[in-house]
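What follows is a single structure, written as structure tokens, with notes after it.
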Amino acid sequence: MSAPTELRVFIADDEAPARTRLKELLADVRGDIATRVAGEAANGLEVIERLPASGAQVLLLDIQMPGMAGIEVARHLGRLEHAPAIVFVTAHDRHAVEAFELNALDYLMKPVRAARLAAALKKAQAAGPVPRERLENTARLSNAGAREFFSVTERHRIALVPVGEVLYLKAELKYVTLRTRAGEHLIEEPLVNIEREFAERFVRVHRNCLVARAAIRGFERAPGEDDEAHWLVVLDGLEERLPVSRRQWPAVRDLVT
């Protein structure tokens, strides 16, 4: 009889003793479920960088980590073609726990117990990756706040674009073009969801376009022969001008004083 296939587990926690404890527990439950540590990380950014190439099937993910919180990490990883199953680990985040329960996501409370870890791993192994919609809903219900990054999946890796560097987002067919001073990226997110999440940061200037409020430097009258004025928004550091629709003009004209 062949030996059972080992479940590849990635551990993410900003505290080294917590990572060590989880590795010890994984060794303790080997008789119940065979595992192998595929990698580990001390913060969210390291998870994004290291996990895609690790082949991990399950991620034990701390919620509170520097650089990027666990829930945002999970949302970015959900865009991978072969996303891992995720078991969240938390010490005290009541709102997050409630959100996990409502969305049927598994979590472990610290201090983690061996029997509970084994049960969570079996459940994750059977369930597979968490649907992206469920992660998005969990983020809203847990009051996780707006993301710090947009994510772009490129050849089995994730490239992060800081939200603060984005000048505008424009919907085109099934994609949204994300524009920074350095260049463009394509993401697959509904523009209306982005507008809802980042209402304080971006303003709609057209039915298919959001611009960063902080990047608006003024408006120019568009060339044409109509008696009624058409306006273009001028963005800091960008020669391109974006049209403002008649419908949105009253909402944006007073953004620059």
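Rounded to the nearest 500, the helix-only mean residue ellipticity at 222 nm of the chain stands at -8000 deg cm²/dmol, with each DSSP H run of n ≥ 4 adding -39,500 (n - 2.57). Taking the empirical scaling 2.2 N^0.38 Å for compact globular proteins as reference, segment 67-169 has a Cα radius of gyration ratio of 1.13. Accessible area of segment 1-114 with a 1.4 Å probe: how many percent of it is carbon plus sulfur? That share works out to 50 percent. Cross-link partners for LYS110 among the lysines, with Cα-Cα distance under 21 Å and sequence neighbours closer than 8 places in the same chain left out: LYS23, LYS122, LYS123. Dipole size of the chain about its Cα centre, with +1 on Lys/Arg Cβ and -1 on Asp/Glu Cβ: approximately 540 debye, rounded to the nearest 20.
For a straight C-alpha distance cut-off of 14 angstrom, the aspartates and glutamates reachable from LYS170 (same-chain residues fewer than eight places away being disregarded) are GLU184, GLU188, GLU189, GLU195, GLU240. As a calculated quantity, the FRET efficiency between ASN137 and ARG217 at R0 = 41 Å, using C-beta atoms, amounts to about 0.65. Over all distinct Cα-Cα pairs of the chain, the Kirkwood formula returns a hydrodynamic radius of 20.2 Å. May I ask you to work out the translational diffusion coefficient for segment 95-138 at 4 °C, viscosity 1.567 mPa s, via Stokes-Einstein with Rh from the Kirkwood sum over Cα pairs, reported in whole µm²/s? Approximately 115 µm²/s, per Stokes-Einstein. The residues of segment 31-140 expose, per residue, 43 Å² of accessible area to a 1.4 Å probe. Using the Cβ-Cβ distance between GLU200 and ASP254 with R0 set to 25 Å, the FRET efficiency from 1/(1 + (r/R0)^6) comes to roughly 0.95. Using alpha carbons only, how many degrees (0 to 90, rounded to 10) separate the axis of helix 114-127 from the longest principal axis of the chain? So the inclination is approximately 50 degrees. Helix 16-28 and the longest principal axis of the C-alpha atoms of the chain enclose an angle of approximately 50°. Projecting the Cα atoms of GLY183, LEU26, LEU80 onto the charge dipole of the chain (Cβ charges, centred on the Cα centre) puts LEU26 farthest toward the positive pole. In the context of the full protein assembly, LYS23 retains an accessible surface of approximately 70 Å², using a probe radius of 1.4 Å and ignoring ligands and nucleic acids.
Here the 3J(HN,Hα) profile of segment 30-42, calculated from phi with Karplus coefficients 6.51, -1.76 and 1.60 at θ = phi - 60°, is 4, x, 9, 8, 6, 9, 9, 6, 8, x, 8, 8, 9 Hz, Gly and Pro shown as x. Measuring how big segment 40-90 is from its alpha-carbon positions, Rg and Dmax come out at 9.6, 27 Å.
Solvent-accessible surface of segment 169-246, averaged per residue with a 1.4 angstrom probe and all protein chains in place: 61 square angstrom. Scaled to the globular estimate 2.2 N^0.38 Å, the Cα spread of segment 1-107, given as radius of gyration, is 1.06.
Among ARG221, ARG79, ARG157, the largest mean-square fluctuation in a Gaussian network model of the chain, built with springs joining Cα atoms closer than 10 Å, belongs to ARG221.
The values are calculated or read from the model by the stated rules, or taken from the named source; none is laboratory data. All figures in this text were calculated on a predicted structure; none of them were measured in a lab. Cβ atoms come from the backbone with ideal geometry, glycine included; neighbour counts cover every protein chain shown. The area values use the complete protein model at the heavy-atom level, side chains included, leaving out ligands, DNA and RNA. Shrake-Rupley method; radii C 1.70, N 1.55, O 1.52, S 1.80 Å.
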